[in-house]
Amino acid sequence: MAIVKMNHFKLYSLQSETSKLLDFFQDYGKVHISNLSEYDEIEQFKESGLDIISEPKAILDVREELTDIKSTMDILEGYKIKVGALEKLKQPTTRMDYRELMDVGLNTDVSKIIEEVKSLDASILEKENEIDRLNDEISELRPWKKLNLTGKELSDTKHLVYITGYVPENQYQDLIKDINNLSLTFIEKAMDSNRNSYFLLTSHKEEKNQLQDVLNNYSFYEEKLDLANSPTEEIDIKKSSIDSLKSEIDSEKSRLKDIYKNDLKKLEVRYDYLKQLEKKYETSTNILKTNKVLYIDGYIETSREKEFENLLLKNFGDNIVYETNMAELNDPYVPVKLKNNKVFEPFENVTTMYANPNYNELDPTPFLAPFFIMFFGMMVADVGYGLLMAIGTLLMMRFDLPDKTRKNMRFFFILSLGVIFWGLIYGSFFGGLIKMPMLVDLQSDYITVIIISLVLGLIHMFFALILKACVFIKNKEPEGVLYDVGSWYLLIGGGIYYILSGMLGLPGANIAKWAMIVGAVLIVLFTARDSETKVGRIAGGAYNLYGVSSWVGDIVSYVRLMALGLSGASIGLALNLIVGMIYDASAVAGIIAGIIIISFGHLANLGLSALSAYVHTLRLTFVEFFGKFYDGGGLKFDPVRYETKYLDIKSEEE
């Protein structure tokens, strides 16, 4: 339950061994190679003749294939076979050990799959565009369905001209009157469509100019029908073409579904394999070199250092020079790896969500976990809800889940225990659906709950100061324990006791007052002791003392433990009251409503309560708890392996 101890190593070898060394590091999987190009000393390295290794050209081919695979998988995602949630859970998670992944990935050729998928996708798109074009043409021909003439038959003759087009529907009657004034011109209406009137004009060439003058007085649009067949026949031909195209599309989509079903795993394996190669090539840029020699700087877990050294000597012998020592606490480049037991391990996500700890800090995970469980449970606080969470997560863990998902299920199972615990204290089972004995009545005795919330908040923040003292001790800075921790205990603790002594008539008020004064003086004089001048030291200390005002806001923040618990309980109670009212009016309706409301209403209330509790517990952890002792910002232990996206790599224990 701590930050894993690290050894810092330096390794020198011939440049010809670069690829072999990187393969070894990646196969071993437990080595962090420092990015020397980011070190402050990089200019000194360059002056001494060392230079950064540039990315190998092979990485371009790897990235190009990765892009092709990703775009292919994106296409196939639209054709995945939909299965129920239960069936999806029953599907096994693909697991391989690292060497199996590298062997299978190397020998998996997906070029033909990529080519076929992209070809099918392009063909489908082309056919869909053609269908859209044909539908547009059908829409244009539909107003002319009654016109049983071909384009050839509508061609001008020696004496006659044929004009097809349309005017707005509200102009058509006036147009007819003007056309009727012409002796050698006739109009035949085809159809009204989209607020337009479509028609055919037949006119003797002698009246063509007069006809054109008439049309110019209207919003006339000529639409030539250059058709080999009649409009109706053309529509039928185009519809037949559309049906044929749709059939071809269905066949191509069916093929894509088959590829998704049969070949997706190959793409996933190849993708994760190529990401390993990309990681290897990217890591090569962390190394420095001269014309013949390379220099590697890295870190290995102290517990594995001997094993690592023996494997290096076995594989490279006299071709390397290797030296190592324990990593220094204040080394800013030491990567951090967390190690906790099965109970606390799921809470590592909370820590890393905020920031990785620095190597010289404490791992806050095992310390935040009990408070997280307690606060989350206090805000949901219902035995029934807790049992639903516990049973649901236990059932989920019976399936072959990916490691990350299983870890999350363990997280919420542990939280469910806190929900049950506080549900028993409040005597709440589905909002009082079943009566239970209670220690505290949340609905009426909320003052007591507020006091409990504030007390828990004070314990939470004072415990954070204890952890801060532990960090000072770890870093061999005992003065920090007195000046940066003890001073606040005296000021805040003395202040609280002084207020309570006045309210409750407790003895020792004078002692509490002097404790406050001593604490304030220590804060002003010593908390900014790193300042170069006395004025800066006093000013910085005075500013730190002003921070006492934030303690008031922080303490009040814990009232949310009561507020959210009360809101969830009130909603649950309201749901039960609604069911009771319906049941009083009609027993049958009450039973039906009860089943629906209890099934969906309480599930919704559980979801909302759990979401609110999770968010607000994070807030109390990140602001009120971490704000008192935790800096974070440490480097993550990053082995020369890509964290696979689609497969689970088997651990050594498996």
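The values are calculated or read from the model by the stated rules, or taken from the named source; none is laboratory data. Note that this is a predicted model, so its numbers are computed, not measured. Cβ placement follows ideal geometry from the backbone for every residue including glycine, while neighbour counts extend to all protein chains displayed. Quick note on the areas: whole protein, heavy atoms, side chains included, nothing else; ligands and nucleic acids left out. Shrake-Rupley method; radii C 1.70, N 1.55, O 1.52, S 1.80 Å.
Taking amide H positions as placed 1.01 Å from N in the peptide plane, with prolines and chain starts having none, which residues 5 or more places from Thr94, or on another chain, fall under 5 Å of its amide H?
Placed amide hydrogens put Asp648 under 5 Å from Thr94.
For region 1-44, taking Cα atoms only, what is the radius of gyration to one decimal and the Dmax to the nearest whole Å?
Looking at region 1-44, its Cα Rg and Dmax stand at 13.3, 41 Å.
Sorted by accessible area (1.4 Å probe), largest first, how do Val336, Val535 line up? Before the final figure, lay out each step's value.
On the way: Val336 5, Val535 115 Å².
Greatest to least solvent exposure: Val535, Val336.
To make sure I understand the rule: partners must be lysines, Cα under 21 Å from the Cα of Lys46, and not fewer than 8 residues away in the same chain. Which ones qualify?
Lys46 reaches Lys10, Lys289, Lys292.
On C-alpha positions alone, give me the angle between the axis of helix 383-396 and the longest principal axis of the chain, in degrees, nearest 10.
Compared with the principal axis, the helix lies near 70 degrees.
Averaged per residue, what accessible area in Å² does the chain show with a 1.4 Å probe, protein chains only?
Per residue, the chain has an accessible area of 53 Å².
Using a 1.4 Å probe on the protein chains only, how many percent of the accessible area of region 215-298 belongs to carbon and sulfur? Intermediate values should be presented prior to the final figure.
Details: 1710 of 4240 Å².
Carbon and sulfur together cover 40 percent of it.
Separation of region 299-333 and region 343-363 by C-alpha centroid, Å?
First find each Cα centre; the distance between them is then 25 Å.
Place a point 7 Å from the Cα of Val293 along the Cα-to-Cβ direction; which residues of region 42-59 have their backbone N under 13 Å from it?
Residues 48-51 qualify, since their backbone N sits under 13 Å from the label point.
Which FRET efficiency, nearest 0.05, do Val518 and Cys470 yield, Cβ-Cβ r, R0 30 Å?
0.85
Could you check the simple spin-label distance between Ile434 and Lys5, using points 7 Å along Cα→Cβ, in nm with one decimal?
Between Ile434 and Lys5, the simple spin-label model gives 5.1 nm.
For region 35-63 and region 451-489, write down the distance between their C-alpha centroids in whole Å.
Region 35-63 and region 451-489 have Cα centres spaced 43 Å from each other.
Would you list the P(r) distribution for region 107-172, with all Cα-Cα distances sorted into 5 Å bins from 0 and each bin expressed as a whole %?
It works out to 3, 11, 11, 13, 12, 10, 8, 7, 6, 6, 5, 3, 3, 1, 0, 0, in whole percents.
Rounded to the nearest 10 Å², what accessible area does Glu55 show when all protein chains are kept and the probe is 1.4 Å?
The accessible area comes out at roughly 80 Å².
Classify region 544-651: rounded, prolate or oblate, from the alpha-carbon gyration tensor (a ≥ b ≥ c, eigenvalue square roots; a/c under 1.5 rounded; otherwise prolate if a/b is larger than b/c)?
Oblate is the answer for region 544-651, as a/c is 1.5 or above yet b/c matches or exceeds a/b.
Kindly provide the Kirkwood hydrodynamic radius of region 314-373 in Å, to one decimal, from all pairs of distinct alpha carbon atoms. Don't jump to the answer; show the numbers that get you there.
Numbers: mean 1/r = 0.0711 Å⁻¹.
Averaging 1/r across every pair of different Cα atoms and inverting gives 14.1 Å.
Determine the equivalent ellipsoid of region 304-407 by diagonalising the alpha-carbon gyration tensor, then write out the semi-axes as square roots of 5 times the eigenvalues, largest first, rounded to whole Å.
Three semi-axes, in Å: 40, 20, 9.
Calculate for the chain the 222 nm mean residue ellipticity that helices alone would give, adding -39,500 (n - 2.57) per DSSP H run of length 4 or more and normalising by residue count, nearest 500 deg cm²/dmol. Please list the in-between numbers first.
Numbers: 22 runs with 363 residues, N = 654.
Computed mean residue ellipticity for the chain: -18500 deg cm²/dmol.
Calculate the FRET efficiency for Glu41 and Leu525 from the Cβ-Cβ distance with a Förster distance of 35 Å, rounded to the nearest 0.05.
Working: r = 37 Å, r/R0 = 1.06.
So the FRET efficiency works out to roughly 0.40.
Can you compute the modelled spin-label distance between Phe399 and Asn262, with each label point 7 Å from Cα toward Cβ, in nm?
Roughly 2.7 nm, to one decimal.
Go ahead and run the numbers for FRET between Leu14 and Leu387, Cβ-Cβ distance against an R0 of 60 Å, rounding to 0.05.
0.40
What is region 161-235's relative contact order, in percent, from Cα pairs under 8 angstrom and six or more apart in sequence? Don't skip to the answer; put the middle values down first.
Numbers: 103 pairs, mean separation 30.5, N = 75.
Here the relative contact order equals 41 percent.
Among (i) 60.7; (ii) 52.1; (iii) 36.1, which is the computed mean projected area of the Cα convex hull in nm²?
(ii)
With a point put 7 Å past each Cα toward its Cβ, work out how far Lys80 is from Glu126 in nm, to one decimal.
2.9 nm
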